[in-house]
Amino acid sequence: MSGEVKSLQTPWKCLNAAGLNGVPWQYIIAVAGMSGSGKTLFVNQLETQLFGLNPDEKFHVLSLNYEMIAERLVGRKLSTHLQKSSQQIYSSAINSVGNINQEELEKARLYFDELSKLPIWYQDIPDTIVGIQTLIRKHVAEKIGKEDIGLIVIIDHSLLVKNKSDADAKQTLYDLGEMCTLLKKMYK
């Protein structure tokens, strides 16, 4: 009521309303949907916009995307920023319809300069649950330390998390959830 405890504002009013005027720290949120329904777009937009929407909060984002390489994720952000399709941005044909012009190229450079200042780290090589836990602990130890800085971990395409050969997808997701629950109690 006093506003002392703050939640992270997201770009979406309905998500903020479903939480405590945003997404509270130490929450685990699962986003599910059919293939091609926009889950990666959702988290890609979220990981960048959280910074502008929460200027008084200090946090890092560890983005683990096991389907798409980080270069393409950042390319999607640029695509949205320039309001051009990824195909138009990646096209190398001279004078092809939709290529970016010099003004858009400069706008892209400025955007990349701003993005590079954000504390976002990407890993696009699938790992095990133990490997993910080790990565998170290492990030906290090396980049956050004892400071009051939060860590947002995004795991996109959790079914691509490597599992024990005898574990099925359901067991892998259960184990992943258990690891997330443990770590959220240890770190902001």
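The values are calculated or read from the model by the stated rules, or taken from the named source; none is laboratory data. The structure displayed is predicted, hence computed values, not measured ones. Cβ placement follows ideal geometry from the backbone for every residue including glycine, while neighbour counts extend to all protein chains displayed. When the accessible area is computed, the model is the full protein with side chains, heavy atoms only, and any ligands, DNA or RNA have been set aside. Shrake-Rupley method; radii C 1.70, N 1.55, O 1.52, S 1.80 Å.
Out of the total accessible area of segment 144-185 (probe 1.4 Å, heavy atoms of protein only), what percent is carbon and sulfur? Walk me through the intermediate numbers first.
Working: 1470 of 2770 Å².
The computed percentage sits at 53.
Quick one: putting +1 on the C-beta of Lys and Arg, -1 on the C-beta of Asp and Glu, what dipole do you get for segment 1-102 around its Cα centre, in Debye to the nearest 20?
Values: 8 positive and 6 negative charges, 49 e Å.
Dipole of segment 1-102, to the nearest 20 debye: 240 debye.
Taking every protein chain into account, the accessible area of the chain amounts to 65 square angstrom per residue (probe 1.4 Å).
In terms of its Cα atoms, the chain spans 53, 50, 34 Å along the principal axes, sorted from long to short. 3J(HN,Hα) along segment 44-53: 5, 5, 4, 4, 8, 6, 4, 5, x, 7 Hz, from the Karplus curve 6.51 cos²θ - 1.76 cosθ + 1.60 with θ = phi - 60°, whole Hz, x for Gly and Pro. A Förster radius of 45 Å combined with the Cβ-Cβ distance from residue 4 to residue 37 puts the calculated FRET efficiency at roughly 0.75.
If you take every DSSP beta bridge fully contained in the chain, what fraction is antiparallel? Give it as a percent rounded to 5. Provide the component values of the computation, followed by the final result.
Details: 1 of 13 bridges.
Here the share of antiparallel DSSP bridges comes out near 10 percent.
Mean-square fluctuations from a GNM of the chain, with a 10 angstrom spring cutoff on Cα atoms, peak among 12, 121, 25 at 12.
I'd like the carbon and sulfur percentage of the solvent accessible area for segment 1-112, probe radius 1.4 Å, heavy atoms only, ligands and nucleic acids excluded. Show your work: numbers first, answer last.
Details: 4060 of 7270 Å².
Reported share for carbon and sulfur atoms: 56 percent.
Segment 103-175 and segment 1-48 have Cα centres lying 17 Å from one another.
Here are some pairs, 39/188; 84/143; 6/162; 13/107; 117/170; which of them have Cα atoms lying more than 27 Å apart in this structure? Let's see the in-between values first.
On the way: 39/188 24 Å; 84/143 34 Å; 6/162 35 Å; 13/107 29 Å; 117/170 38 Å.
From the list (39/188; 84/143; 6/162; 13/107; 117/170), the Cα-Cα distance tops 27 Å for 84/143; 6/162; 13/107; 117/170.
Hey, got the dipole for segment 135-188? About the Cα centre, +1 on K and R Cβ, -1 on D and E Cβ, debye to the nearest 20? Each step should come with its number before you reach the end.
On the way: 10 positive and 8 negative charges, 37 e Å.
For segment 135-188, the charge dipole is close to 180 debye.
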